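The values are calculated or read from the model by the stated rules, or taken from the named source; none is laboratory data. Note that the structure is a prediction, hence the values are computed from the model and not measured. Glycine gets a Cβ as well: all are built from the backbone with ideal geometry, and neighbour counts include every protein chain shown. For accessibility, only protein heavy atoms count, side chains too; no ligands or nucleic acids. Shrake-Rupley method; radii C 1.70, N 1.55, O 1.52, S 1.80 Å.
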Amino acid sequence: MGIEALTGVLLLCVLVFFALGAPVALALGGIAMSIGYMVWGDGIFNVIPTTLEATYFSFVLLAIPLYIYMGQLLTKSGIGDAMFNATQMVIGKVRGSLAISVIGVCSMIGAMVGIIGAGIMTSGSIALKPMLDRGYNRQLALGVIMAGGALGILIPPSIPMIMFAATTQNSVGRMFLGAMMPALLTIAMLIVYVVISCRLDPSRAPLDREQEDVPELSAKEKFRIARDGFFAILLIVAVLGSIISGIATPTESGAIGVVGAILLAILFKRFKLDMFRTAGMHTATLVSVAMWIIFGASVFSNFHLLMGVQAMVADFTGSLDLPPLAIVIMFQIIMLLLGFIIDEFIIVLMCAPLFTPIVVSMGYDPIWFGVLMIINILVAVQTPPYGFALFYLKGIAPADVSMADIYRSVAPFIMVNLVVLVLCMIFPQIILWLPNLVMGGPG
């Protein structure tokens, strides 16, 4: 079987299995093993031990459960609420202040969790009810939670970024730094949209309701809120700073984050055995799912690569006689379409080892392409009708919120992310300036 026909069969099988609702990890791994057995015979079983070794014995990937555990500890202990209250206090009583604080805090919560699904569900469980109770427009409330919670994969520490760095043998620190400016640009543009939207249509964020619902705080209460929020943000800065400064590897910084989260919970008298147990169980569930997906997608990707798909894609893109940037745009469109049916883990594991060597061979920086991939995924998983993030948000929304409500709510925020993606493609220094400044030239 030629590689072109094999690729078509593999993709068709993936679409059929996903349409039938098969578990992602088992579908990808099972398809690769079944078709591989027909092509190679018993030789396909050699892929299993090599994939296991590369996947589960990677020191970099060990950071994934640690970052997820840190996020669970911070959110289950209520420190996520403290960040929300601190941001709201700083912004003050202005129209749309609650929506602005939700964008900021949900972005930080998403960063703590490190994956889109958990980021949106955690953010929504904290912030959606207060916004609806205060009379905010439903579409605005849903939209800012989606936009802020999903930003977690673009704000370090990000699980998909770690996976990209691990699968393409690039620096995690450079990836984290490269994503900082696009993340800040996205947050700034989201806030500008909220401010302008609320000014043009004051009914979207009733000012008088906010003034009634936000009571005047005593000096002691303000100090407590500011303290809790400051130390929670400081922990995230410390985790990222330890990687950038070279003090710790990404895995070691994850351990620092876990210890720091426990210490904060104890310091602020939020530590309870039940909270500790719940955070551990949720982490175990998320990590188990993530690791099975990583393994299944890695088996699928490795089999496809060993069959020569990378050479096929390189030959195909070369035969098109397109400018290098047009080929990058083509890759972006492919990943965007994939994001309609699969989640961020699988897109990274399938596309990063396939597309990155081709992009690098055309003279582009792999960090630039990696961050573009993350922004692209951010857009794809929020895009109707099948973006995974839409269903995460539906899962925590009130029963009377329909999918149509969610579809309408995300449109302007997707446009903001698309604008950032285009700007980063046109001006690569938005991504590359900070890692080159801090860590020197391309690594």
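Things worth noting here:
- The range 264-339: trypsin sites (Lys or Arg not before Pro) in DSSP loop, at most 16 other beta carbons within 10 Å: Lys269, Lys272
- Protection proxy ranking, highest mean first, for peptides 175-188, 221-234, 365-378, 130-143: 365-378, 175-188, 130-143, 221-234, where packing is the per-residue count of other beta-carbon atoms within 10 Å, averaged.
- Probe 1.4 Å, all protein chains present, accessible-area order of Phe164, Phe45, largest first: Phe45, Phe164
- Within the assembled protein chains, the solvent-accessible surface assigned to Val360 is about 70 Å², based on a 1.4 Å probe.
- Accessible heavy-atom area order of Glu53, Glu344, highest first, probe of 1.4 Å: Glu53, Glu344
- Shape of the range 278-434, Cα gyration tensor, a/c cut at 1.5: oblate
- The Cα atoms of the range 247-289 give a gyration tensor whose axes a ≥ b ≥ c have a/c of 1.5 or more with a/b no greater than b/c, which makes the shape oblate.
- Karplus-derived 3J(HN,Hα) values for the range 428-438, using 6.51 cos²θ - 1.76 cosθ + 1.60 with θ = phi - 60°, are x, 5, 4, 8, 8, 4, 5, x, 5, 5, 7 Hz; glycine and proline are entered as x.
- Separation of the range 223-251 from the range 138-177 is 17 Å, based on Cα centroids.
- 27 Å Cα-Cα reach of Lys394 towards lysines, excluding residues that sit fewer than 8 places from it in its own chain: Lys76, Lys129
- Extension gain, Ala188 to Lys269, is 25.8 nm, computed as 0.36 nm per intervening residue step minus the present C-alpha separation.
- Label point distance in nm, Met362-Leu26, each placed 7 Å from Cα along Cα→Cβ: 3.9 nm
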